[in-house]
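Engineer: Mind having a look at this structure? Questions to follow.
Every number in this text was worked out from the coordinates using simple rules, so none of it is lab data. Computed from a prediction, not measured in an experiment: that's the story for all the values here. Neighbour counts are summed over all protein chains in view; Cβ atoms, including those assigned to glycine, are modelled from backbone coordinates with ideal geometry.
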Amino acid sequence: MGELIVIRHGQTEWSLSGQHAGRSDVPLTDAGEAAAKALAPRLAQRELVAVFSSPLSRAMRTAELAGLTGVRPDPDLVEWDYGGYEGLTAAQIQETRPGWDLWRDGVVPGDVAHRGEELQQVAARTDAVLGRVRPLLDLGDVAVVAHGHLARLLTVRWLGLDASAGRLLGHPHPGTLSFLATEDGQPVISAWNVP
């Protein structure tokens with residue numbers, strides 16, 4: 001069975017500042033482009049049977065710079081819709097909601113472009129991705145290019161855990177790889193947050 005390679009897009013100005021970038025299409029920084037290019041040699045060693053990406057430009061550009069071909073945009077890989085928290089840092093949100101935690105407290109509705117999603121809605125999207133990916137893993141490795149919170153949710157759902165367990169994983173750094181596999185028939189994380 002192949003591995004599911006989860007790639008977090010390269011750095012953006014918002015990932016650098018800690019702003020929540022869900023549906024906003026924020027471009028890669030120069031450092032983000034360099035990190036994406038640096039992934040290419042490691043990914044070239046893999047025989048990928050399929051590659052899926054969030055359709056947002058930061059993810060698609062990461063896939064391109066990492067040398068991935070045949071990339072299929074998948075709207076289920078778009079980052080969590082942060083609603084009214086789009087563009088804000090956790091510290092800014094906690095000014096009005098002391099002790100706020102995304103995994104426990106969720107988001108508030110925003111404008112028409114940022115309506116917001118509940119944790120279980122995002123989990124349902126990651127479950128749909130896994131439903132499409134699992135059969136392909138019988139043929140070899142599959143890569144997905146996604147976003148920080150989405151990658152955490154995808155991972156805990158891979159492990160068969162409740163979506164709220166995403167809080168237990170460290171946030172993958174921009175431009176890194178994580179590897180999900182099976183060991184003795186059980187889902188495992190074989191590597192996390194690899195530059």
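Engineer: Where the second residue is of a type in the set (Gly, Ala, Ser) and the first is in a helix (DSSP H, G or I) and lies in the range 159-180, which pairs have Cβ atoms under 8 Å and are six or more apart or on separate chains?
Structural biologist: Going by the 8 Å Cβ cut-off, the qualifying pairs are ALA163/ALA123.
Engineer: Assuming VAL112 fulfils every condition listed in (1) more than 18 Å from GLU3 (Cα to Cα); (2) of a type in the set (Val, Ile, Thr); (3) touching a strand residue (DSSP E or B) at 6+ places or on another chain (Cβ under 6 Å) apart from one, which condition is it?
Structural biologist: (3) is the only condition that VAL112 fails.
Engineer: Which of the residues belonging to the range 16-45 are of a type outside the set (A, V, I, L, M, F, W, C), in a helix (DSSP H, G or I) and without any contact (Cβ under 8 Å) to a residue 24 or more places away in the chain?
Structural biologist: Those that are of a type outside the set (A, V, I, L, M, F, W, C), in a helix (DSSP H, G or I) and without any contact (Cβ under 8 Å) to a residue 24 or more places away in the chain: ASP30, PRO41.
Engineer: Any residue in the range 99-109 that is in contact with an Asp or Glu (Cβ under 7 Å, 6 or more places away or on another chain), surrounded by fewer than 20 Cβ atoms within 10 Å (Cβ to Cβ) and more than 25 Å from LEU4 (Cα to Cα)?
Structural biologist: Looking through the range 99-109, at least one residue is in contact with an Asp or Glu (Cβ under 7 Å, 6 or more places away or on another chain), surrounded by fewer than 20 Cβ atoms within 10 Å (Cβ to Cβ) and more than 25 Å from LEU4 (Cα to Cα).
Engineer: Taking only pairs six or more apart or across chains, which ones have beta-carbon atoms under 7 Å, a first residue in the range 142-156 that is in a helix (DSSP H, G or I), and a second residue that is among the aromatic types (Phe, Trp, Tyr) and surrounded by 24 or more Cβ atoms within 10 Å (Cβ to Cβ)?
Structural biologist: HIS149/TRP80; LEU150/TRP80
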